[in-house]
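The structure appears right after this line, and notes come after that.
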Amino acid sequence: VRFEVPAEWGDSLLWSVSGRLNYAGSGLEVTLDSASGDDDACLLSIPKWNLDWMRLYLYDAPVVDLPSVRPGDEIALWCEFDNTWANEQLRGVIQDAGLDATIEMDADHEGELSEMCVAILGLLDDTP
């Protein structure tokens with residue numbers, strides 16, 4: 001999924017980033033592709049997702065050194081899923097639900113066996 005930063009956001013500074021998958025999630029990456037082409041950056045990479053790792057990651061830098069997000073930049077979110085029986089994390093939840101195999105789900109499914117692919121960015125701007 002790619003999102004172009006709209007002009008009305010103005011220039012912002014990124015102070016935090018987080019990602020979220022559920023039990024079928026196996027990997028997540030968030031990147032910032034600069035409109036100018038010079039400041040492309042990996043903002044978050046979790047190549048082997050574990051639901052116990054949900055947290056907000058803060059940049060340990062002075063405000064002036066935080067990554068910039070500008071209109072026209074693109075934020076890209078990539079998620080990978082493993083909904084096979086080999087996924088131990090998912091298999092435990094399936095067994096707890098009284099099932100013995102993975103199930104088919106649509107986008108409106110809610111509950112423990114639902115899945116998501118989400119990035120959360122903390123941005124600072126100079127809006128009064």
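The values are calculated or read from the model by the stated rules, or taken from the named source; none is laboratory data. No experiment lies behind these values; they were computed from the predicted model shown. Methodologically, a virtual Cβ is constructed for each residue, glycine included, from the backbone with ideal geometry; neighbour enumeration extends over all protein chains shown. Just so you know, the surface numbers come from the protein's heavy atoms only, side chains and all, with ligands and any DNA or RNA stripped out. Shrake-Rupley method; radii C 1.70, N 1.55, O 1.52, S 1.80 Å.
Annotation: of all residues in region 37-55 being part of a loop (DSSP other than H, G, I, E, B) and without any contact (Cβ under 8 Å) to a residue 12 or more places away in the chain, the one that is surrounded by the most Cβ atoms within 10 Å (Cβ to Cβ) is Asp40.
Scanning region 81-94 for residues that are surrounded by 15 or more Cβ atoms within 10 Å (Cβ to Cβ) and within 19 Å of Leu28 (Cβ to Cβ) yields a total of 7. On the stretch given as region 8-32, residues that are open to solvent by 40 Å² or more (accessible area, probe 1.4 Å) and under 15 Å from Ala76 (Cα atoms) total 2.
Of all the numbered requirements in (1) among the acidic types (Asp, Glu); (2) free of Cβ contacts under 8 Å to residues at least 12 places away in the same chain; (3) over 30 Å from Ala7 (Cα atoms), Asp82 misses one, and that requirement is (2). Of the residues examined, Ala61 is one that is modelled with pLDDT of 90 or more and part of a loop (DSSP other than H, G, I, E, B).
Does Val5 fit the bill of being over 24 Å from Gln89 (Cβ atoms), touching a residue at least 40 places away in the same chain (Cβ under 8 Å), among the aliphatic types (A, V, I, L, M) and surrounded by 17 or more Cβ atoms within 10 Å (Cβ to Cβ)? In short, yes.
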